[in-house]
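The values are calculated or read from the model by the stated rules, or taken from the named source; none is laboratory data. All of these numbers come straight from a predicted model, not from anything done at the bench. In this analysis, Cβ positions are derived from the backbone assuming ideal geometry, glycine residues included, and neighbour counts consider all displayed protein chains. Surface areas here come from the heavy atoms of the whole protein model, side chains and all, with no ligands, DNA or RNA. Shrake-Rupley method; radii C 1.70, N 1.55, O 1.52, S 1.80 Å.
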Amino acid sequence: MSSLMTNVSAMTALRALQNTNDSIETTQARISTGFRVSEASDNAAYWSIATTMRSDNSALSTVQDALGLGSAKVDITYTAVDSAIKVVDEIKSKLVAAREPGVDRSKIQTEIDELQNQLTSIATSAAFNGENWLNIDSSAAGYSATESIVSSFNRDATGAVSVGTLTVDKSTIALFDANAAADGILDDDSVTTGGAANVAASVSNLDLNTANLNDADIDGMITIAETALQAMTTAASDLGSAQKRIKLQSDFVGTLMDSIERGVGQLVDADMSAESTRLQALQVQQQLGIQALSIANGNAQSILSLFRG
């Protein structure tokens, strides 16, 4: 039936053209944003996953920054301990030289005094961002024997999140402790020289000018220096292990962030090659739809021929 009021062909062509225009709009949005899923309305499940993982990646970026800060602290502390080891080794050599008969021990003590001052300077200078792990006061309010370095951000199967940390024990690496009831490696006066003077001493206050000092006392001082060297060697080893652990964790966090980014991309990124091809095809369909609508609208004109004489 030919109807002037209802043009079925035109209605069908118009609906097809509208669908094509909607598809073109969607494809153009994907091309302009680069995302196949840019809003929750595009795909609620994928959008939710991507949003959560992007948030986790942001947290991991902060973790990586924290690891960098922790690495700087450990590096400075290790460098200071390594320098202190060399100074104490030199003090031990001076003490061995003091065992020589006829040597002027007062002059050797002058050199030792300067080396002791250097140890104090090393420990005092080993600070980063206001924190010093070698020159401490364990009696201070809020003091903690362990230092924590943020190392990970975790999310379990239930969605609960937690922050992981690496710890460094300051009590085993501190060179000086201002607490009178505790001692660092270099100010530990709990060991006596054992000779005629038999004085309690530490590396920081060894004194060859002590009254009644004999060779046995000097041997005791050498033992004190050697004990401190062993303790500092252990401390440097622990710090080296912490350096390695932080480096491995930092590399892992970086790799994990890249993996998460790739995973999110697979969920929501648009395939630009496919979208470009689809856009070209839709543009052809649009042109054909316009042509079909024009033809359908022209069909009504044919009704006029029925009324021509």
Given only helices, namely DSSP H runs of n ≥ 4 each adding -39500 (n - 2.57), what is the per-residue ellipticity at 222 nm of the chain, to the nearest 500 deg cm²/dmol? -21500 deg cm²/dmol
Over all distinct alpha-carbon pairs, what is the Kirkwood Rh of segment 89-215 in angstrom? 17.6
Difference of contour (0.36 nm per residue) and Cα-Cα distance, Q118 to D22: 26.8 nm
Cα-projected label distance for D207 with A72, points at 7 Å along beta-carbon direction, nm: 4.1
Where a ≥ b ≥ c are the square roots of the eigenvalues of the C-alpha gyration tensor, would you call segment 67-116 rounded, which needs a/c under 1.5, or, failing that, prolate if a/b is larger than b/c, or oblate? prolate
Surface per residue (accessible, 1.4 Å probe) for the chain, Å²: 56
Extended-chain gain in nm, criterion 0.36 nm per residue less alpha-carbon gap, Q287 and Q230: 12.0 nm
The FRET efficiency for A178 and E100, from their Cβ-Cβ distance with R0 = 25 Å and rounded to 0.05, is 0.10
Report, to the nearest whole %, how much of the accessible area of the chain belongs to carbon and sulfur atoms, 1.4 Å probe, protein only. 52
Which length gain, in nm to one decimal place, applies between K107 and R155 when the Cα-Cα distance is subtracted from 0.36 nm times their residue separation? 10.9 nm
Selected from T146, A13, A59, residue furthest toward positive end of dipole (segment 9-155; charges at beta carbon): A13
If you bin every alpha carbon distance in segment 1-88 into 10 Å steps from zero, what whole percent lands in each bin? 13, 18, 16, 14, 12, 9, 7, 4, 3, 2, 1, 0
Per the Debye formula with a single identical scatterer at each Cα and no solvent contribution, what log10 I(q)/I(0) holds for the chain at q = 0.11 Å⁻¹? -0.83
